[in-house]
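Each remark here refers to the structure printed beneath this line.
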Amino acid sequence: MEMQTDKTKIKWFHKPIAVIAAVLILGVFALPIVWTAPLIPRRYKIIITALVIILTLWLFKVSYALYSLLAKEINDLAAVLR
């Protein structure tokens with residue numbers, strides 16, 4: 001499979017600005033777009049993938065910590081209101 005490098009034949013969603021927008025909006029769900037974009041070098045694809053995965057894992061960790069804190073506060077409030 002030969003990759004297209006002529007900018008006139010590149011689809012709009014494979015252009016670098018569209019790929020960046022997709023990553024910012026869709027996060028980890030945009031990784032297939034990143035990996036199929038012919039204008040982005042492999043080295044940058046690996047870096048983008050690693051950063052998106054690290055950010056996603058960090059967001060899950062922070063969300064879980066926030067959920068735990070809120071659950072504790074709700075239980076404490078329920079105990080005070082009894």
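The values are calculated or read from the model by the stated rules, or taken from the named source; none is laboratory data. As the structure is a prediction and not an experimental result, all values here were calculated from the model. A quick note on method: Cβ atoms are made from the backbone with ideal geometry, for glycine too, and the neighbour counts reach across all protein chains shown.
From I47, I25, I53, which residue is at pLDDT 95 or above, touching a helix residue (DSSP H, G or I) at 6+ places or on another chain (Cβ under 8 Å) and part of a helix (DSSP H, G or I)?
Going through I47, I25, I53 in turn, the sole match is I53.
For first residues located in the range 12-23 and closer than 10 Å to V34 by Cα, partners that are outside any helix (DSSP H, G or I) and among the small types (G, A, S) and lie 6+ apart or on another chain with Cβ distances below 7 Å form the pairs H14/A37; V19/A37.
Would you point out the residue of the range 29-82, among those that are touching a Pro at 6+ places or on another chain (Cβ under 8 Å) and of a type outside the set (V, I, T), that is farthest from W12 (Cα to Cα)? Only one residue fits best here, namely L39. Of the candidates I40, I74, I46, the single residue that is more than 15 Å from the chain's Cα centre (by Cα) and under 20 Å from L26 (Cα atoms) is I40. For A71, the test of being modelled with pLDDT of 95 or more, hydrophobic (A, V, I, L, M, F, W, C), in a helix (DSSP H, G or I) and touching a helix residue (DSSP H, G or I) at 6+ places or on another chain (Cβ under 7 Å) is failed. For the criterion of being in contact (Cβ under 8 Å) with a residue 12 or more places away in the chain, of a type in the set (F, W, Y) and assigned to a helix (DSSP H, G or I), W35 passes. Restricted to the range 8-60, and to residues there that are of a type outside the set (V, I, T) and touching a His at 6+ places or on another chain (Cβ under 8 Å), the residue that is surrounded by the most Cβ atoms within 10 Å (Cβ to Cβ) is A37.
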